[in-house]
1. If I go through the stretch 59-79 residue by residue, how many of them are touching a strand residue (DSSP E or B) at 6+ places or on another chain (Cβ under 7 Å) and in contact (Cβ under 8 Å) with a residue 40 or more places away in the chain?
2. Considering only the stretch 125-160, state which residues are over 18 Å from the mean Cα position of the chain (by Cα), in a helix (DSSP H, G or I) and more than 19 Å from residue 184 (Cα to Cα).
3. So, in the stretch 51-65, exactly how many residues are within 21 Å of residue 140 (Cα to Cα) and either more than 19 Å from the chain's Cα centre (by Cα) or surrounded by fewer than 17 Cβ atoms within 10 Å (Cβ to Cβ) (or both)?
4. Please verify whether the stretch 161-171 includes one or more residues that are in a helix (DSSP H, G or I) and over 21 Å from residue 93 (Cα atoms).
5. If you check residue 151 against the conditions, is it surrounded by 16 or more Cβ atoms within 10 Å (Cβ to Cβ) and at positive phi?
6. Which one of the conditions (1) in a helix (DSSP H, G or I); (2) modelled with pLDDT under 95; (3) under 27 Å from residue 54 (Cα atoms) does residue 108 fail to meet, given that it meets all the rest?
7. Residue by residue through the stretch 74-98, note down the ones that are over 17 Å from the mean Cα position of the chain (by Cα), more than 11 Å from residue 136 (Cβ to Cβ) and outside any strand (DSSP E or B).
8. Across the stretch 172-192, what is the total count of residues that are part of a helix (DSSP H, G or I) and under 19 Å from the mean Cα position of the chain (by Cα)?
């Protein structure tokens with residue numbers, strides 16, 4: 001094919017750049033990609049202004065999520081308080097008090113769905129994709145402790161046998177907790193399979 005030029009300047013349109021789907025990354029790589037610092041990171045005024053802007057945006061996400069969840073609690077005729085915080089680069093919202101077990105469901109499946117709905121509500125209101133973390137009645141906090149120990153146990157078994165250990169399928173949140181626990185034990189781990197059957201594999205060094 002002959003390139004089109006105008007006055008010696010190449011005007012051939014460049015091919016579009018195909019985005020790389022997040023699923024093509026490992027869980028740890030995807031997490032790192034979303035939390036990577038910008039080139040302007042530092043302690044200067046520009047960095048502080050950017051940090052303040054990010055914090056304001058996360059607080060706005062929390063406010064939108066709280067409004068959405070308050071309406072949901074009213075519709076479901078459930079009693080509960082809503083706590084909002086910012087943890088690292090995420091807005092964190094927790095529902096506490098009352099009998100909220102219906103919003104958790106078996107193995108947290110209802111909680112995962114509710115979190116996605118809350119993120120969609122934030123996206124609709126702000127126009128920005130949210131990484132907001134939702135917890136109900138401390139379920140995620142308790143689950144984090146369990147998964148951390150599970151990751152340590154798997155790492156100990158790999159060290160003892162020298163063989164890889166495959167864990168049960170988990171959600172992205174759960175896999176990230178296990179990856180962190182395994183890394184703290186000095187071993188490597190990766191995720192394999194497709195959702196909802198994606199699982200962590202702990203490997204010897």
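The values are calculated or read from the model by the stated rules, or taken from the named source; none is laboratory data. Since the model is a prediction, treat every value here as computed from it, not as a measurement. Note: ideal-geometry Cβ built from the backbone for every residue, glycine included; neighbour counts use all protein chains shown.
1. Counting residues in the stretch 59-79 that are touching a strand residue (DSSP E or B) at 6+ places or on another chain (Cβ under 7 Å) and in contact (Cβ under 8 Å) with a residue 40 or more places away in the chain gives 4.
2. Listed by number, the residues that qualify are 125, 126.
3. 2
4. Within the stretch 161-171, one or more residues are in a helix (DSSP H, G or I) and over 21 Å from residue 93 (Cα atoms).
5. no
6. Status for residue 108: all satisfied but (3).
7. Selection gives 74, 75, 76, 77, 79.
8. Residues that pass the stated criteria total 12.
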